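All remarks here apply to the structure that follows.
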Amino acid sequence: MRTYQLIAPAKINLYLEIIGDRPDGYHELVMILQSIALGDHLEIRSNGTQGVNLHCNHPLVPLDNTNIAVRAAELMIVEFPEAFAKYGGVDITIDKHIPVAAGLAGGSTDGAAVLLGLDLLWKLGLTVPQLQSLGAKLGSDVPFCVGGGTAIATGRGEKLDPIHDLDNLWVVLAKYNNLSVSTPWAYQTYKKQFGDSYINDKTGITSRTSQLHSGPFVQAISEGNGSRIGQLLHNDLEKVVLPKYPQVEQLKQVLKAAGGLGTMMSGSGPTVFTLCQSQTEAERIKNIVKDEIKDGNLELWVTKLSSNGIQVINNE
Ligand code: ATP
């Protein structure tokens, strides 16, 4: 029996702009995605049976085939039936460190890790682009999670252009563990409120994408200019999530007042983050927020931006 252990990092959105909607029901997006060092730990082990079994220590993570890690294994079985016949099924264990339903792509990164784990276990020799196109069949964030780092993502988030790595900054993440925001609700509400200004022609979409490519944000990232990056953080979904969830709005205000380079909600929330120049500054902000909001449901993390996608840490 062979086993691989992998780390699957979470992501934050440094930039999220909604451009229009699409015939497939998704939205046309322009984003800057960034990996962070906070990650789930996965173990993928050949079990010598014909089955896929999932173990996870987190009560909110489903263990059936609604789990994206199981769907990733099922996709690999369909795509590579000969390898499955030769090597058999797998036991997947997820040690969850990424908060669930937090806008941090926790499920997507687990799916990406299973794709890579099975590629290795079944000796398929797939390339990163091949793993990414398999990932696009599982979810919009999965292709990014395979390679990680810093990237511009367009389409529904699956088309990637890696840009200069940004791993010199730290981040404080804050989330109420009794609060979750439905991603479909956030996009549908945005469409109801702002759909009139959507652009759906190809030229308009391409021009928005190239504006980001050649604009100040990408420039600031290539210079590693933390203060400028902090000023340019942007997320269109804040316009619908913050008014509906006053706790998230309040959390954002408290984080912002505590200092740092810039504060924003990640994805469809409810996680809010502050970028910081150093670990010391991040710890200081974390302590201020902890002192100011006395709520047992508030969770805080300090971690670093990272240039890593899925990493293999051990095999036996
Ligand atoms: P994204 O940022 O990609 O929109 P998210 O970080 O907001 O995702 P997830 O942590 O992926 O959200 O969880 C969303 C839902 O997906 C959960 O409520 C859970 O029921 C389901 N889910 C399926 N697979 C997983 C997994 N491996 N880890 C966590 N949640 C999972």
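Worth pointing out:
- For the range 2-53, the solvent-accessible area with a 1.4 angstrom probe is 30 square angstrom per residue.
- The 1.4 Å probe gives accessible areas that order LEU160, LEU305, largest first, as LEU160, LEU305.
- Taking the centroid of alpha carbons for each part, the range 253-316 and the range 24-44 are 17 Å apart.
- Whether the range 187-277 is rounded, prolate or oblate, judged on the alpha carbon gyration tensor where a/c under 1.5 counts as rounded: oblate
- Evaluating 6.51 cos²θ - 1.76 cosθ + 1.60 at θ = phi - 60° for every residue in the range 311-316, the Karplus couplings come out as 10, 8, 9, 6, 9, 9 Hz, glycine and proline recorded as x.
- Sorting CYS145, CYS56 on solvent-accessible area from highest to lowest, probe radius 1.4 Å, gives CYS56, CYS145.
- Global form of the chain, assessed from the alpha-carbon gyration tensor, a/c cut-off 1.5: prolate
- Simple label model, 7 Å out from Cα along Cβ direction - ASP295 to GLU82, nm: 5.6 nm
- Exposure rank, largest accessible area first [ASP91, ASP119, ASP201; 1.4 Å]: ASP201, ASP91, ASP119
- Karplus-based coupling profile of the range 81-89, in residue order and whole Hz: x, 5, 5, 4, 4, 6, 9, x, x, with θ = phi - 60° in 6.51 cos²θ - 1.76 cosθ + 1.60 and x standing for Gly or Pro.
- Portion, in percent, of the accessible area of the chain that falls on carbon or sulfur, probe 1.4 Å: 50 percent
- Net charge in the neighbourhood of GLY269 (other residues with Cβ under 11 Å of its Cβ; Lys, Arg +1, Asp, Glu -1) is +1.
- The trypsin sites (Lys or Arg not before Pro) of the range 1-79 meeting both criteria, a DSSP state outside H, G, I, E and B (loop) and at most 16 other C-beta atoms within 10 angstrom of the site's C-beta, are ARG2.
- Probe 1.4 Å, protein heavy atoms only - accessible area per residue of the range 74-225 in square angstrom: 43 Å²
- Contour excess over end-to-end distance, with Cα ends at HIS55 and LYS123 and 0.36 nm allotted per residue: 22.1 nm
- For THR3, the shell of other residues with beta-carbons less than 13 Å away shows a net charge of -1, using +1 for Lys and Arg and -1 for Asp and Glu.
- Ordering of 255-264, 287-296 by packing [mean C-beta count within 10 Å, highest first]: 255-264, 287-296
- Loop-located chymotrypsin sites (Phe, Trp or Tyr not before Pro) in the range 167-238 (DSSP state not H, G, I, E or B) with no more than 16 neighbouring Cβ atoms inside 10 Å: TYR198.
- Checking every one of the GluC sites (Glu not before Pro) in the range 72-121 against DSSP loop status and a limit of 10 other Cβ atoms within 10 Å picks out no site at all.
- With 20 Å as the limit, the listed pairs LYS86/LYS123; LYS11/LYS290; LYS191/LYS256; LYS192/LYS252; LYS96/LYS286; LYS159/LYS304 have LYS11/LYS290; LYS191/LYS256; LYS192/LYS252; LYS96/LYS286; LYS159/LYS304 beyond it between alpha carbons.
The values are calculated or read from the model by the stated rules, or taken from the named source; none is laboratory data. Being a predicted model, the structure only gives us computed values, none of them experimental. Counting neighbours? That spans all protein chains shown, and the Cβs are built from the backbone with ideal geometry, glycine included. SASA here: full protein model, heavy atoms, side chains in, ligands and nucleic acids out. Shrake-Rupley method; radii C 1.70, N 1.55, O 1.52, S 1.80 Å.
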